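> I have a structure here, written as structure tokens, and I will follow up with some questions on it.
No value in this document is a laboratory result; all are computed from the given coordinates. Small disclaimer: the values here were computed from a predicted structure and weren't measured. Because the Cβ atoms are built from the backbone with ideal geometry, glycine has one as well, and the counts that use them run over all protein chains shown.
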Amino acid sequence: MNTLSITKENALKCYQEASGEVKTAILNLVGKEHLLNITERIKSYQDACEHQGITPLNVGYFSFLPEIDRVHAFAAHKVVTIIRSLNEGWVPDWSDDDQSKYYVWYKNSGAGFSCSVYGYDCAYSDVGSRLHFKTLELAQYFGKNFTTEINEYFNI
């Protein structure tokens, strides 16, 4: 049996230069996790579920809660699932004061909510937050691209 090997750099170059069906074929052959960064792979809650190998839920799954709490509980699940995928396994180390931790911060500006990001956060707790990001870029990406989920989470 003959073996064919290709470097990640060559596969990425071929992918970037390809178009249409060829691009899809390269993705299928090599795997999108090798060619695309996480923000190119996670565009939705469904993408995040696929990334983690979990089944996407719907608001009906939360029917055990009072009706007034169901949308928020589902939104919280979606937000945490998306953030976990974007962080690719990174978990904040609250005992490390030198580790930067980023989160999306929304400030009521009178015309809705505007996105800002606070660059460093320090907490004196052994309980980590599920809403923190490992990089400023990921926090900004989430804040700009998942507004529906954020609005549902904050009941806006």
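> For T3, T24, T55, which order do you get if you count the other beta carbons within 10 Å of each Cβ and list the fewest first?
T3, T55, T24
> Also: Can you list the aspartates and glutamates whose alpha carbon sits under 19 Å from that of K32, skipping same-chain ones fewer than 8 residues off?
E9, E17, E21, E40, D47, E50, E88
> Taking the Cβ of each residue in K134, K144, K78 as the centre, tally the other Cβ atoms inside 10 Å and list the residues starting with the fewest.
K144, K134, K78
> Related question: In what sequence do D97, D47 fall when counting other Cβ within 10 Å, fewest first? Could the numbers behind the result be given before it?
Numbers: D97 10, D47 17.
Fewest-to-most ranking of D97, D47: D97, D47.
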